[in-house]
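Heads up, the thing below is written out as structure tokens.
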Amino acid sequence: MSELTVARQAVAHRGRRLEYFTIVWNGLEGLIAVAAGIVAGSISLVGFGMDSFIEVTSGATLLWRMSVDADVESRERNEKLSLRVVGVCFIALAGYIAYESASDLIRKTSSEHSIPGIVLACVSLIVMPILSSAKKKVGKALGSAAMNADARQADFCVYLSTILLAGLLLNAVLGWWWADPVAALIMVPIIVNEGIDGMKARTCC
């Protein structure tokens, strides 16, 4: 076995560890966000939590992709399918958030303050950049578009966390009832863009 093959296997193993962490982290994040969102009546929190569950799906598909890293043909096939699965999930999530946010604005439905949601958004702003950086290194080493796409999801989770935090704080501090659904609507084009990229199944050259 060549040194290059051994090095690639080591990087793939690191990638699998990152995906295991992604699955556990986002599973917990999703449960907390959805539960807090339901209690507070916050569509941005629920949407953020659903996004976390989609990232669990992404992590699972990436583990599947890593399992055949040594087989070039299987690797390419799984790469494309992984991207498409995640892309479809994002498009569905964007539709859900757009509908619920618009409904809340029309009905002028206000959400309760959510301290757990604010804390969760702050923690996510710390964890996600670190995770994204680690995944980008693995994606570059493996030449994996799927891993790079997964790293971008961590990046845009940072954007969503910022938007979520702004909406929750504006609602809690200033009492702006519309801040939560507007924050959720701002998330929609970001999520749609990621979904479209995934459905195009962009792979590396």
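Results, tabulated for the structure shown:
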read-out	value
Segments classed as helices (runs of 4 or more DSSP H), wholly inside the stretch 90-205, with at least 1 members that are open to solvent by less than 70 Å² (accessible area, probe 1.4 Å) and hydroxyl-bearing (Ser, Thr, Tyr)	115-142, 145-169
Hits in the stretch 13-39 - residues which are crowded, with 23+ Cβ neighbours inside 10 Å and at pLDDT 90 or above	Asn26, Glu29, Ala33, Ala36, Gly37
Within the stretch 165-181, tally of residues that are touching a Gly at 6+ places or on another chain (Cβ under 7 Å) and touching a residue at least 60 places away in the same chain (Cβ under 8 Å)	2
Residue in the stretch 116-126 that is within 22 Å of Ala60 (Cα to Cα) and either at pLDDT 90 or above or not hydroxyl-bearing (Ser, Thr, Tyr) (or both) present	yes
Residues of the stretch 129-146 satisfying the condition of being of a type in the set (A, V, I, L, M) and over 13 Å from the mean Cα position of the chain (by Cα)	Ile130, Ala134, Val138, Ala141, Leu142, Ala145, Ala146
Residue ID - surrounded by the most Cβ atoms within 10 Å (Cβ to Cβ), chosen from residues in the stretch 40-55 that are within 18 Å of Leu170 (Cα to Cα), under 16 Å from the mean Cα position of the chain (by Cα) and among the small types (Gly, Ala, Ser)	Ser44
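The values are calculated or read from the model by the stated rules, or taken from the named source; none is laboratory data. The structure presented is a predicted model; accordingly, all values stated were derived computationally and were not measured. A quick note on method: Cβ atoms are made from the backbone with ideal geometry, for glycine too, and the neighbour counts reach across all protein chains shown. Side chains are part of the model used for accessible areas, which takes the heavy atoms of the whole protein and leaves out ligands, DNA and RNA. Shrake-Rupley method; radii C 1.70, N 1.55, O 1.52, S 1.80 Å.
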